[in-house]
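Below is one structure, written out as structure tokens, with a few remarks after it.
Nothing in this text is a laboratory measurement; each read-out follows from the coordinates by a stated rule. Quick caveat: nothing in here was measured; it's all calculated off a predicted structure. When we count neighbours, we look across all protein chains shown, and the Cβ atoms used for this are built from the backbone with ideal geometry, even at glycine.
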Amino acid sequence: MAIQYFTASSVDGFIADPDHSLSWLLSREIDADGPMSYASFIQSVGALVMGATTYRWILEHDVGDDREQSWPYEVPCWVFTHRDLPLVAGDIRFAQGPVTLMHQEIVAAAAERNVWVVGGGDLAGQFADAGLLDEVWVQYAPVTLGSGAPLLPRRLELRLEEVARNGDFACARYSVAR
């Protein structure tokens, strides 16, 4: 079981542009079954954690206006937020406070499978600060954004474990150096 931050980034280190748009990412070629792909990654995931901004993005882009449409994930999901957010059908649990307070519950729900920190960089950083983040997987898109939401807004020492090319993306898997 590992806690993994799996995300895409511009080559200058941003996971979203200043308007929280991912249009720069969705226009790039990637092989859904290629090396270090989402399809192979998600198979090992037993629970998700995300922040409010990521949750709202998923509601707007994957669920849309049909609140009865099913949540795109089948595993339990914790949304760390200080806001009231709409609830859609699915195993979604809202959480507040330090990630350490929910860690045991999240790991238990993952049932020996991995925990995916979906987004964003600050939430992944909170897991890292608590010594709970094990891996960082980044799919680097061939674009620069200049500003936006940073990949990880703090210092974190990593060890390169694997690299691959998948379509237009340079993919890297790092372990967190302890």
Worksheet item: Mind listing which trypsin sites (Lys or Arg not before Pro) in the stretch 63-146 are in a DSSP loop and have 15 or fewer other Cβ atoms within 10 Å?
Response: 67, 83
Worksheet item: Can you pull the Kirkwood radius for the stretch 1-97, inverse mean 1/r over Cα pairs, to one decimal in Å?
Response: 15.1
Worksheet entry | Per-bin percent of Cα-Cα distances, the stretch 40-138 [10 Å] | 15, 51, 31, 3
Item to complete: Grab the Cα-Cα distance for residue 42 and residue 61, subtract it from 0.36 nm times how many residues apart they are, and report the gain in nm with one decimal.
Response: 4.9 nm
Response to the item:
In units of 2.2 N^0.38 Å, the Cα radius of gyration of the chain is 0.99
Discussion item. Only sites in a loop by DSSP and with at most 12 other Cβ atoms within 10 Å count here; which GluC sites (Glu not before Pro) in the stretch 105-178 make the cut?
Written reply: 112, 157
Worksheet, complete the sentence: So, relative contact order of the chain in percent, Cα under 8 Å, 6 or more apart, is 36
Worksheet entry | Estimated inter-spin distance, residue 100 and residue 11, nm [label 7 Å along Cα→Cβ] | 4.0
Worksheet entry | Within a Gaussian network of the chain (alpha carbon springs, distance under 10 Å), most fluctuating of 27, 40, 147 | 27
